[in-house]
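Chemist: Below are the structure tokens for one structure; questions will follow.
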Amino acid sequence: MRILLVEDDPEIARRLAAALAEASFVVEQAEDGEMALFLGRTNDFDAVVLDLGLPRLSGLEVLKQWRREGRDMPVLVLTARDAWTDRVDGLNAGADDYLGKPFQNAEVVARLRALTRRSAGRSSSVMRRGDIVLDPEAGTVQRGDDAIELTARELKVLAYLMHRAGRVVSQGELIDHVYSLDETRESNTIEVYVARLRKKLGKDAIRTIRGLGYKFA
């Protein structure tokens, strides 16, 4: 999943970004409200971690503007503010969840997984499509009784295709959700990963929709 992390404290941002990357999230970062507003308007994210106390534009105002513009990605608000009224303001502005500072990185990861599950209409983190079962937390894939060994990047491609099962996913969308903005992006690498997945899971697992992209069967 592709996550936007908005946090102006460099140390908190560094530690949380590392924890999210370790949990197989693709992470983009913003250090102030204006950059967060721009990235949220111009990119598709599966969820946002948003600090309220931001320079240039407050996190609350960023959230309000996103929602007014129809940006409906799940938002987990982080704040050091203790007043219950701040929590109410965040939730009323469109936040989906709320976590006070200090926090444990593992809890942020767990809450993001819960938010993305709910947004996809799933109650469990384990994804099942036919006889293919993917557990993103354990990093395991099975087809029937057979365990399938995947690389980290192959796992990301499969997880996103299964997350969007039933929909056509373009190469560009896959690239955005597999690579961060500062990584080298080449469309032909997606073709390579899809070919490898078909070899490991079966040719029928992923369909090519000519001129549009891929669809998980």
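Chemist: How big, in percent, is the set of alpha carbon pairs in the stretch 96-217 lying more than 25 Å apart?
Modeler: 28
Chemist: Over the chain, what is the mean sequence separation of C-alpha contacts under 8 Å (at least six apart), divided by residue count, expressed as relative contact order in percent?
Modeler: 16
Chemist: Carbon and sulfur: what percent of the stretch 56-191's accessible surface (1.4 Å probe)?
Modeler: Numbers: 3090 of 7030 Å².
Carbon with sulfur: 44 percent of the solvent-accessible area.
Chemist: Need the list of lysines near K200 for cross-linking: C-alpha distance under 26 angstrom, and skip anything on the same chain fewer than eight residues off.
Modeler: Qualifying lysines at Cα under 26 Å: K156, K215.
Chemist: Here's another thing I want to ask about it. Which of the lysines could be linked to K101 by a straight reach, that is with a Cα gap under 29 Å, when you skip same-chain ones fewer than 8 residues away?
Modeler: K64
Chemist: Give me the distance in nm between label points sitting 7 Å out from Cα along the Cα-to-Cβ direction at E137 and K200, one decimal.
Modeler: 2.2
Chemist: Let me cross-check E31: its accessible surface, 1.4 Å probe, with only protein heavy atoms counted, in Å² to the nearest 10?
Modeler: For E31, solvent-accessible area is about 140 Å².
Chemist: Dividing the convex hull volume of the Cα atoms of the chain by its residue count, what figure in Å³ per residue is obtained?
Modeler: Values: hull volume 26.5 nm³, N = 217.
About 122 Å³ per residue, rounded to a whole number.
Chemist: Between N92 and N105, what length comes free when the chain is fully extended (0.36 nm per residue of separation minus the Cα-Cα distance, one decimal in nm)?
Modeler: Additional length available on full extension: 2.2 nm.
Chemist: May I pose another question? For the stretch 134-160 and the stretch 1-62, write down the distance between their C-alpha centroids in whole Å.
Modeler: Using only Cα atoms, the two centres lie 27 Å from each other.
Chemist: On the full set of protein chains, 1.4 Å probe, figure out the accessible area of M35 and give it in Å² to the nearest 10.
Modeler: The value for M35 is about 90 Å².
Chemist: Can you grab the distance from the C-alpha centre of the stretch 106-121 to the C-alpha centre of the stretch 163-217, Å, no decimals?
Modeler: 23
Chemist: Let me ask something else. Largest first, how would T116, T85 line up by accessible area (1.4 Å probe)?
Modeler: From most accessible down to least: T85, T116.
Chemist: Below 8 Å, C-alpha to C-alpha, sequence gap of six or more: please give me the relative contact order for the stretch 97-176 in percent.
Modeler: This gives 15 percent for the stretch 97-176.
Chemist: Express the accessible area of the stretch 8-141 per residue in Å², computed with a 1.4 Å probe while the remaining protein chains stay in the model. Kindly include the intermediate steps, with their values, before the conclusion.
Modeler: Numbers: 6690 Å² over 134 residues.
So the stretch 8-141 comes to 50 Å² accessible per residue, rounded to a whole number.
The values are calculated or read from the model by the stated rules, or taken from the named source; none is laboratory data. Note that the structure is predicted; figures quoted are calculated from it, not measured. Quick reminder, even Gly has a Cβ in these numbers, built from the backbone with ideal geometry, and neighbours come from all protein chains shown. Protein only, heavy atoms only, side chains kept; ligands, DNA and RNA dropped before computing areas. Shrake-Rupley method; radii C 1.70, N 1.55, O 1.52, S 1.80 Å.
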